[in-house]
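Participant: Have a look at the structure that comes next, please.
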Amino acid sequence: MMLTIENLYKSYGEKILFNHVTCTIAGKERIGLIGVNGTGKSSFLKVISGLESPEQGVIKHPKDYHIEYLAQEPVLDPDLTVIEQIYYGDSAIMKLMRAYEAALLKLQEDAENPDYQARLMKLQQKMDAEEAWEANTAAKTVLTKLGITGFGKRITELSGGQKKRVAIAKALIQPADLLILDEPTNHLDNETVEWLEKYLQSYKGSLLLVTHDRYFLNRVTNRIYELDKGNLYIYEGNYEIFLEKKAEREALEVSSEQKHRNTLKRELAWLRRGAKARSTKQKARIDRVDEMKKESFDTKNESLDFQVGSTRLGKKVIELTNVNKSYDENVLLDDFSHLVVPDERLGIIGANGSGKTTLLNIMAKRMEPDDGVLEIGETVKIGYYTQGDEELDSNMRIIDYIKEVAEVIHTKDGQVITAEQMLERFLFSRAEQWTYIRKLSGGERRRLYLLKVLMTEPNVLFLDEPTNDLDTQTLSVLEEYLDHFPGVVITVSHDRYFLDRVVDRLLVFTGQGKTNLFFGNYSEYLEKRQQSESSQAKVKSEKSSERPKKQKKKLSYNDQREWENIEEQIMELEEQVEELGQQIIDAGSDSEQVQKYFTKQQETEAALEAKMERWEELSLLVEELEKN
């Protein structure tokens with residue numbers, strides 16, 4: 001089935017978002033939508049999904065065509081349970097799975113109730129008849145990979161991060177002809193992003209997504225839509241091919257503009273020379289020249305080529321010695337020591353809530369450690385791009401907001417770069433610079449805030465999740481800027497491309513305040529980790545294959561005692577894991593409690609896995625004895 005968009009037009013104030021756009025989305029297409037923040041990407045998604053109306057144009061698709069839409073800030077029904085929210089909708093399979101999961105929860109509350117038992121059995125038979133188990137298994141896999149447990153919990157009791165994951169699960173589980181995802185990777189850790197990437201590669205319907213994650217974009221898409229100044233440019237291929245073809249298009253635009261200039265120059269020369277011609281022909285020529293003057297070409301490159309400057313940085317930067325930081329039982333930094341050296345490019349990675357932002361706040365003196373020593377060099381000037389939204393005065397103009405910080409900055413070779421030039425480099429044209437901040441989109445405001453941080457001319461730059469709200473073009477500008485930045489860059493990020501592009505070492509938070517320092521970028525770290533996991537799996541497999549060869553005439557006294565009790569111990573550990581999962585849900589937005597229960601759950605799961613491995617060893621011994 002196909003969705004067709006014809007002559008789509010929509011504006012916002014004086015800005016044209018879609019200038020009579022026409023395109024189609026066929027089955028199995030994987031489309032990435034890109035464009036500078038403020039060009040209308042989210043509006044485009046909302047119009048297609050039916051949440052907003054265009055001023056002109058139509059969207060056509062078959063009556064039974066289903067579109068599933070995941071917004072940047074998803075809205076969930078606070079009164080529904082997790083399972084009701086995930087299995088929403090009127091399709092027969094969704095209704096059946098909703099009823100089955102509800103019956104399962106009821107039986108867990110009262111396992112001896114004969115009515116609950118009969119109800120569950122009836123629904124199990126119906127699941128068999130409707131062949132719904134495959135869909136149920138796929139749904140459970142999605143939920144597990146996204147870390148969602150406690151299906152009976154109400155949405156209103158969940159934390160912000162948990163709600164986002166529920167919304168993603170809901171979008172992925174629903175049967176849809178077109179799945180629309182607006183920034184699905186925001187606030188997900190690296191491992192979850194990698195799983196989502198692989199999942200979408202085999203998604204049955206069509207995809208239309210907006211994301212700043214360029215590796216994700218490159219590996220998932222087979223077509224790119226670029227929204228630029230109201231026009232939609234379509235490129236066959238993934239993000240890598242798009243970059244090549246866009247360069248070709250821009251080169252062609254420049255060539256066309258040069259030819260246009262030459263033709264116009266000849267026509268004007270002819271007219272000024274007063275060449276003899278019939279008046280009707282002369283009039284036609286004048287009209288043609290007027291039309292040529294009106295014609296415009298999009299060839300302006302709003303980028304400046306210069307070596308950026310910063311305040312001079314001495315040899316001593318930042319040193320942390322035996323630093324500790326905890327919240328109740330949640331240990332974020334445990335005896336942490338690190339020496340920041342000049343020109344350091346450090347990426348900080350780890351699970352959400354592990355302490356990454358806390359470390360930046362301590363180094364920026366926005367937070368005090370429990371104990372330990374923090375020393376900062378006298379010449380250090382920190383610029384800190386924070387994750388939270390900064391309040392921007394909506395009644396100020398863009399240019400005035402930047403000039404409040406500085407009217408000029410200085411290059412390494414002593415040149416002066418004006419605020420207007422810096423704004424141009426960060427994709428605010430001269431005309432746009434006089435726009436009021438209230439007219440900017442959320443992404444444009446974050447871009448403006450980033451520039452404000454850079455205009456302070458820091459020599460140590462902290463970036464906390466800079467890729468969450470910035471578009472791919474702004475990220476490319478930032479990466480180019482950082483290439484020439486003469487100071488220290490320390491960034492917290494889950495964006496694999498950005499980490500590969502910017503850093504040359506990683507500080508990895510491994511849990512309970514512990515960290516490892518890895519020399520290399522994120523792809524090198526991932527490759528090393530995969531090699532390690534593969535090696536461990538091979539050793540484990542070899543040990544497992546050797547077990548049946550072991551011969552033992554009888555169990556020792558200790559082995560016999562262990563065999564008699566091990567199954568009961570396994571059941572107890574399984575119950576503990578389940579209880580801790582429920583406690584994580586119950587903790588809601590209390591991040592300290594969530595971290596405490598999560599750590600205990602991980603420890604209990606490790607103990608359970610060890611018990612299961614021991615049970616396998618003992619069962620093989622018992623089986624061998626019975627054979628003999």
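Participant: Pull up segment 1-33, narrow it to residues that are acidic (Asp, Glu) and not in a strand (DSSP E or B), then point me to the one that is farthest from residue 176 (Cα to Cα).
Facilitator: The residue in question is 14.
Participant: Residue 149 - would you say it is modelled with pLDDT under 85 and either aliphatic (A, V, I, L, M) or not in a loop (DSSP other than H, G, I, E, B) (or both)?
Facilitator: no
Participant: Tell me whether segment 49-61 contains one or more residues that are in a strand (DSSP E or B), more than 30 Å from residue 429 (Cβ to Cβ) and of a type in the set (A, V, I, L, M, F, W, C).
Facilitator: Taking every residue of segment 49-61 in turn, at least one turns out to be in a strand (DSSP E or B), more than 30 Å from residue 429 (Cβ to Cβ) and of a type in the set (A, V, I, L, M, F, W, C).
Participant: Being surrounded by fewer than 14 Cβ atoms within 10 Å (Cβ to Cβ) and touching an Asp or Glu at 6+ places or on another chain (Cβ under 6 Å) narrows it down to one residue among 343, 328; which is it?
Facilitator: 328
Participant: Which of the residues spanning segment 463-476 are out of contact with any Ser or Thr (no Cβ under 7 Å at 6 or more places or on another chain) and crowded, with 21+ Cβ neighbours inside 10 Å?
Facilitator: 469, 470, 471, 472, 474 - these are the residues of segment 463-476 that are out of contact with any Ser or Thr (no Cβ under 7 Å at 6 or more places or on another chain) and crowded, with 21+ Cβ neighbours inside 10 Å.
Participant: While we're on this one: Select from segment 453-503 the residues that are closer than 23 Å to residue 40 by Cβ and hydroxyl-bearing (Ser, Thr, Tyr) and list them in ascending order.
Facilitator: Within segment 453-503, 467, 472, 474, 476 qualify.
Participant: Taking segment 484-517 on its own, how many of its residues are in contact with a helix residue (DSSP H, G or I) (Cβ under 9 Å, 6 or more places away or on another chain) and more than 19 Å from residue 459 (Cα to Cα)?
Facilitator: Number of matching residues: 16.
Participant: Is one or more of the residues making up segment 161-182 part of a strand (DSSP E or B), on the phi < 0 side of the Ramachandran plot, of a type in the set (Lys, Arg) and touching a residue at least 24 places away in the same chain (Cβ under 8 Å)?
Facilitator: Scanning segment 161-182 turns up no residue that is part of a strand (DSSP E or B), on the phi < 0 side of the Ramachandran plot, of a type in the set (Lys, Arg) and touching a residue at least 24 places away in the same chain (Cβ under 8 Å).
Participant: So which residues in segment 1-47 are more than 20 Å from residue 217 (Cα to Cα), among the small types (Gly, Ala, Ser) and out of contact with any strand residue (DSSP E or B) (no Cβ under 7 Å at 6 or more places or on another chain)?
Facilitator: If the condition is that a residue be more than 20 Å from residue 217 (Cα to Cα), among the small types (Gly, Ala, Ser) and out of contact with any strand residue (DSSP E or B) (no Cβ under 7 Å at 6 or more places or on another chain), then 13 is the only one that fits.
Participant: Working only within segment 99-115, note down all residues that are over 15 Å from residue 126 (Cβ atoms) and open to solvent by less than 80 Å² (accessible area, probe 1.4 Å).
Facilitator: 105, 107, 110, 111, 113
Participant: Sticking with this one: Out of everything in segment 142-165 that is of a type in the set (Lys, Arg) and under 17 Å from the mean Cα position of the chain (by Cα), what residue ends up being most open to solvent (accessible area, probe 1.4 Å)?
Facilitator: Checked segment 142-165; the qualifying residue most open to solvent (accessible area, probe 1.4 Å) is 145.
Participant: Any residue that is over 27 Å from the mean Cα position of the chain (by Cα) and outside any helix (DSSP H, G or I) - is there at least one of those in segment 619-628?
Facilitator: yes
Participant: Out of all the residues in segment 443-462, is one or more within 22 Å of residue 38 (Cα to Cα), in a loop (DSSP other than H, G, I, E, B) and open to solvent by 10 Å² or more (accessible area, probe 1.4 Å)?
Facilitator: no
Participant: Also, quick follow-up: Considering only residues that are among the hydroxyl-bearing types (Ser, Thr, Tyr), touching a residue at least 24 places away in the same chain (Cβ under 8 Å) and in contact with a helix residue (DSSP H, G or I) (Cβ under 8 Å, 6 or more places away or on another chain), which ones fall in segment 85-128?
Facilitator: First, the residues of segment 85-128 that are among the hydroxyl-bearing types (Ser, Thr, Tyr): 87-88, 91, 100, 116.
Restricting the remaining residues to those that are touching a residue at least 24 places away in the same chain (Cβ under 8 Å) gives 87-88, 91, 100.
Passing the criteria: 87, 88, 100.
Participant: Sticking with this one: Among residues belonging to segment 218-241 that are of a type in the set (Phe, Trp, Tyr) and under 22 Å from the mean Cα position of the chain (by Cα), point out the one that is modelled with the lowest pLDDT.
Facilitator: Looking at the filtered set, the residue picked out is 239.
Participant: Scan segment 204-213 and tell me whether some residue there is of a type outside the set (A, V, I, L, M, F, W, C), farther than 18 Å from residue 46 by Cα and part of a helix (DSSP H, G or I).
Facilitator: No, segment 204-213 contains no residue that is of a type outside the set (A, V, I, L, M, F, W, C), farther than 18 Å from residue 46 by Cα and part of a helix (DSSP H, G or I).
Participant: Does residue 438 meet the test of being basic (Lys, Arg), out of contact with any helix residue (DSSP H, G or I) (no Cβ under 7 Å at 6 or more places or on another chain) and either open to solvent by 10 Å² or more (accessible area, probe 1.4 Å) or assigned to a helix (DSSP H, G or I) (or both)?
Facilitator: yes
Participant: A further question on this structure: Hey, does segment 81-98 have a residue that's open to solvent by 50 Å² or more (accessible area, probe 1.4 Å) and not in a helix (DSSP H, G or I)?
Facilitator: Yes; the residues of segment 81-98 include at least one that is open to solvent by 50 Å² or more (accessible area, probe 1.4 Å) and not in a helix (DSSP H, G or I).
Participant: For the condition open to solvent by 80 Å² or more (accessible area, probe 1.4 Å) and either within 30 Å of residue 155 (Cβ to Cβ) or modelled with pLDDT under 80 (or both), what is the one hit in 567, 603, 592?
Facilitator: Answer to the selection: 603.
Participant: Just checking: which of the strands (runs of 3 or more DSSP E) contained wholly in segment 479-532 hold 3 or more residues that are open to solvent by less than 70 Å² (accessible area, probe 1.4 Å)?
Facilitator: The strands (runs of 3 or more DSSP E) meeting that bar are 488-492, 505-511.
Participant: Here is a follow-up. Picking from 49, 42, which residue would you name as being surrounded by 17 or more Cβ atoms within 10 Å (Cβ to Cβ), touching an Asp or Glu at 6+ places or on another chain (Cβ under 7 Å), among the polar types (S, T, N, Q) and closer than 15 Å to residue 180 by Cα?
Facilitator: Working: 49 fails: touching an Asp or Glu at 6+ places or on another chain (Cβ under 7 Å).
Result of the check over 49, 42: 42.
Participant: When you look at residue 111, is it in a loop (DSSP other than H, G, I, E, B) and more than 19 Å from residue 155 (Cβ to Cβ), yes or no?
Facilitator: So residue 111 passes the test.
Participant: Further, regarding this structure: In segment 174-194, which residue that is surrounded by 18 or more Cβ atoms within 10 Å (Cβ to Cβ) and out of contact with any strand residue (DSSP E or B) (no Cβ under 9 Å at 6 or more places or on another chain) is farthest from residue 48 (Cα to Cα)?
Facilitator: My answer is 192.
Participant: Tell me, which helices (runs of 4 or more DSSP H) wholly within segment 354-434 include 3 or more residues that are open to solvent by 10 Å² or more (accessible area, probe 1.4 Å) and closer than 23 Å to residue 465 by Cα? Let's see the steps before the verdict.
Facilitator: Working: elements: 356-363, 398-403, 419-425.
Here the list reads 356-363.
The values are calculated or read from the model by the stated rules, or taken from the named source; none is laboratory data. Just so it is clear, the model here is predicted, and its values are computed rather than measured. Quick reminder, even Gly has a Cβ in these numbers, built from the backbone with ideal geometry, and neighbours come from all protein chains shown. What goes into the accessible areas is simple: the full protein's heavy atoms, side chains included, and nothing from ligands, DNA or RNA. Shrake-Rupley method; radii C 1.70, N 1.55, O 1.52, S 1.80 Å.
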